[in-house]
Amino acid sequence: MIPLSWYLILAAALFCIGFYGVLARRNAVVILMSVELMLNAVNINLVAFWRYLNPNDISGQVFAIIVFAVAAAEVAVGLALVISLYRNRKTISVDEVDLMKW
Amino acid sequence: MGFLGDPIKFIGDWLKSLIAPLNLPPVWETFLSTLTSVIAVASFGLLIVIFLIWVERKVAARFQDRLGPNRAGKYGLLQTFADMVKLITKEDTTPETADKVVFNIAPVLSVVSVLLIWAVVPFAPTWFGTDINVGVLYIAAVGSFGILSILMAGWSSNNKYALLGAFRAVAQLISYEVPMLIMLMVPVLLASSMGMVDIVARQDMWFIVVAPLAAVVFLISAIAEVGRTPFDLLEAESEIVAGFHTEYSGMKFGMFFAAEFLHIFTVGVLFAILFMGGWRGPGAEQFPLLGMVYLMAKSTVGYFIAIWMRSTLPRIRIDHMLAFNWKFLVPLSLAILIVTAILHKLFAATTLYIPAMLVGNLVIFLASLGALRAVAQRQRKQRKPFKKRPVAKAA
Amino acid sequence: MSTVQIVFLFVGFMILLAAWMMVSRSNLVHSALWLVVALFGVAVLFVLLEAGYLAVIQVLVYIGAIAILMIFAVMLTRGDVESLTHITNRYAGWAAVMGAFLLFGLVIVLGQWPAFQTTSPEAIESANPVLDLGMAFVSPDGFTVPFIVASVLLLAAFIGAIYAAFPRKKGE
């Protein structure tokens, strides 16, 4: 069988790639996609913990499904904001949306 | 039992006896047998398309008072082979500015998305690719690859008509997925299982009898999901050339074409499994081959209705298409699901079960007719009176 | 090395490759398609973890809805050339360093945790895990309240999304 550590390391690596994407990219859509990667890394961990440490308590899967719901909500609101931003400012580069920054 | 009793098992045993002397490790044996069955199911799906295209052309011809293909072979049976030869020998063009990789993956993904559904289809009591306990959801999930393939094809072609077709396709497919998914939940609820094999096994009474409205709404939304006339806005020839596959030629176009025909037949198969008892019929338990025949016969019902709608109805306008879905089908399907759930809970295992279900369906049907009537009357009142004007003015 | 392990290594490699391609491509549609590959890989991992229901939901929600919405958003915002030419901001180097540092730290911290060494999982006792999951969501002593809260959150998010993306008339 696959050791638990493999899943955890894979999830950590995926999380860090998503983290880099959120911090480094300028395009708001790509930032949202990177957030999805991070949420998926969390889900891998949740399901792996459920399977390896406590397979007879269904809570791990329940958490994963709540994460799905949150991810769907996040994408809906995020993309709506991106579209609204593009309509008003003709850009979706997060560097140029600095009106509130001082 | 010999070959005629259960041919698949017979062939399977024979194949196993062939590889037995090689003394392969069990992993390889499982791998080989799985691979063989995957190839068998996929080839069955792809081969049946050849026949289906002929059926569709012949039936559509009858609707239009024509003869249909009748030159190649007896009754034109070989017409599809002639078409295939034509498609294969055509030049395979790729637009200069297309995104080559995405452009080439899209048709493959389109065929795969349909073939994947066949993995969970129970053909006969013992014949099925796999029996996963979330079969119904799996069908909905692999359907999303089809949407993805259309989007990929439309975008990578670098053609405005292809992109327009892809946009329309996604708007339509995502919308109609909602009532289809809700209606998939009705057989799940009645059978209290999401596995396809279980759903067939629990249909002592066909679900179309206890949930006729659900069956109708499922069929309508599934036909829209395939994108056939009257819902063929994604490839409306008279408006946007050929939609998302404008730039495709040769066998790549052939793959989209085959995927569409296979998909509409798959809708018929799903309709037969979910609402018409699948392989069930007299003697099917003893002779699996008979079950397969029953399933295929029942599947032609949905397929025939699709051809019928295609040759009868004109294409609907895009705003009507979306309004029909969101303002009619979605509320209706939610009402059906709730009423079915309540009645199933109240009357299950009583003698009043079927009458109660039918009365519930009838009430929903009449209520929806009443609602449509009220809306239409209000619209008619709001419409401005038609101003009379002369056709031509006298000079 | 067993077959499952080889499958895991292949899928894991695909996920990481796809994720890296996603954050590093300048063509946004390619980014979104790589995201689909990564998400599909995660679904395969769920199958390996014997969570078939989650795998199917992963494909349905992420590939069927989220990835397609992403591609849609990319196409609707095509006029923005600026963010295509300079794909990373001026802190990209720092971001890479921090990402690598985070990965390093996570692995170190996880390595000190005793359960990290777990190699083989216990067998699942339940005959029908999907039924258990459904019961957990609707039974009063299960997760009914979180389930309802998640539903309300989704509804609120969708209404908010429609409001935010709805075109407004000038001067409103």
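The values are calculated or read from the model by the stated rules, or taken from the named source; none is laboratory data. Keep in mind the model is a prediction, meaning the values are calculated, not measured. When we count neighbours, we look across all protein chains shown, and the Cβ atoms used for this are built from the backbone with ideal geometry, even at glycine.
Go through region B:319-377 and count every residue that is of a type in the set (Val, Ile, Thr) and buried (at least 16 other Cβ atoms within 10 Å of the Cβ).
Selection size over region B:319-377: 5.
Against the definition (more than 14 Å from chain B (Cβ to nearest Cβ), part of a helix (DSSP H, G or I) and at negative phi), how does C:Ala67 come out, yes or no? First the steps, then the outcome.
Details: more than 14 Å from chain B (Cβ to nearest Cβ): no; part of a helix (DSSP H, G or I): yes; at negative phi: yes.
Against the criterion (more than 14 Å from chain B (Cβ to nearest Cβ), part of a helix (DSSP H, G or I) and at negative phi), C:Ala67 does not qualify.
Exactly one of these conditions fails for A:Leu39: (1) at pLDDT 90 or above; (2) within 30 Å of C:Tyr163 (Cα to Cα); (3) touching a Phe, Trp or Tyr at 6+ places or on another chain (Cβ under 8 Å). Give me its number.
All conditions pass for A:Leu39, except number (3).
Considering every residue within region B:130-139, establish whether at least one is in contact with a strand residue (DSSP E or B) (Cβ under 7 Å, 6 or more places away or on another chain), touching a residue at least 40 places away in the same chain (Cβ under 8 Å), part of a loop (DSSP other than H, G, I, E, B) and under 20 Å from B:Phe44 (Cβ atoms).
no
Given the criteria within 7 Å of another protein chain (Cβ to nearest Cβ) and either in contact with a helix residue (DSSP H, G or I) (Cβ under 7 Å, 6 or more places away or on another chain) or small (Gly, Ala, Ser) (or both), does C:Ala156 qualify?
For C:Ala156, the condition - within 7 Å of another protein chain (Cβ to nearest Cβ) and either in contact with a helix residue (DSSP H, G or I) (Cβ under 7 Å, 6 or more places away or on another chain) or small (Gly, Ala, Ser) (or both) - is not met.
Consider C:Ala161 against the criteria (1) within 28 Å of C:Trp20 (Cα to Cα); (2) aliphatic (A, V, I, L, M); (3) surrounded by 16 or more Cβ atoms within 10 Å (Cβ to Cβ): it satisfies all of them except one. Which criterion is unmet?
(1)
Since C:Ala100 meets every condition but one in (1) within 14 Å of chain B (Cβ to nearest Cβ); (2) assigned to a helix (DSSP H, G or I), which condition does it not meet?
Answer for C:Ala100: the failing condition is (1).
Taking the condition within 16 Å of B:Ala215 (Cβ to Cβ) and not acidic (Asp, Glu), does B:Leu313 pass?
Here the answer is no, as B:Leu313 does not meet what is asked.
Suppose we filter C:Ala55, C:Ala115 for residues that are more than 8 Å from every other protein chain (Cβ to nearest Cβ), within 30 Å of A:Ile58 (Cβ to Cβ) and either touching a residue at least 60 places away in the same chain (Cβ under 8 Å) or in a helix (DSSP H, G or I) (or both); which single one remains?
Of the residues listed, the single one that is more than 8 Å from every other protein chain (Cβ to nearest Cβ), within 30 Å of A:Ile58 (Cβ to Cβ) and either touching a residue at least 60 places away in the same chain (Cβ under 8 Å) or in a helix (DSSP H, G or I) (or both) is C:Ala55.
Any idea which of (1) within 30 Å of C:Thr118 (Cα to Cα); (2) facing another protein chain (nearest Cβ under 7 Å); (3) surrounded by fewer than 21 Cβ atoms within 10 Å (Cβ to Cβ) is the one A:Asn40 doesn't satisfy?
Only one criterion in (1) within 30 Å of C:Thr118 (Cα to Cα); (2) facing another protein chain (nearest Cβ under 7 Å); (3) surrounded by fewer than 21 Cβ atoms within 10 Å (Cβ to Cβ) is unmet by A:Asn40, namely (3).
Of the numbered conditions (1) small (Gly, Ala, Ser); (2) farther than 23 Å from B:Thr300 by Cα; (3) out of contact with any helix residue (DSSP H, G or I) (no Cβ under 7 Å at 6 or more places or on another chain), B:Ser43 fails exactly one; give the number of that condition.
(2)
Considering (1) more than 7 Å from chain C (Cβ to nearest Cβ); (2) without any contact (Cβ under 8 Å) to a residue 12 or more places away in the chain, say which one A:Val94 fails and leave the rest.
(2)
Looking at C:Ala43, C:Ala73, C:Ala38, C:Ala18, which one is within 11 Å of chain B (Cβ to nearest Cβ) and surrounded by 18 or more Cβ atoms within 10 Å (Cβ to Cβ)? Spell out how you get there, then give the answer.
On the way: C:Ala73 fails: within 11 Å of chain B (Cβ to nearest Cβ); C:Ala38 fails: within 11 Å of chain B (Cβ to nearest Cβ); C:Ala18 fails: within 11 Å of chain B (Cβ to nearest Cβ).
Only one candidate qualifies: C:Ala43.
Would you confirm, using the coordinates I've provided, whether A:Val35 is under 23 Å from C:Phe158 (Cα atoms) and at the interface with chain C (Cβ under 7 Å from one of its Cβ atoms)? If you could, list the steps in order and put the result at the bottom.
On the way: under 23 Å from C:Phe158 (Cα atoms): yes; at the interface with chain C (Cβ under 7 Å from one of its Cβ atoms): no.
So A:Val35 fails the test.
Any idea which residue in region B:170-181 is nearest to B:Ala222 (Cα to Cα), counting only those that are among the aliphatic types (A, V, I, L, M) and surrounded by 23 or more Cβ atoms within 10 Å (Cβ to Cβ)?
Of everything passing the filter in region B:170-181, B:Met180 is nearest to B:Ala222 (Cα to Cα).
Could you pull out the residue among C:Ser139, C:Ser151 that is out of contact with any helix residue (DSSP H, G or I) (no Cβ under 9 Å at 6 or more places or on another chain), surrounded by fewer than 12 Cβ atoms within 10 Å (Cβ to Cβ) and among the hydroxyl-bearing types (Ser, Thr, Tyr)?
None of the other options fit; the residue is C:Ser139.
For region B:137-168, how many residues meet the condition of being touching a helix residue (DSSP H, G or I) at 6+ places or on another chain (Cβ under 6 Å), modelled with pLDDT under 85 and surrounded by fewer than 23 Cβ atoms within 10 Å (Cβ to Cβ)?
Residues in region B:137-168 being touching a helix residue (DSSP H, G or I) at 6+ places or on another chain (Cβ under 6 Å), modelled with pLDDT under 85 and surrounded by fewer than 23 Cβ atoms within 10 Å (Cβ to Cβ): 3 in total.
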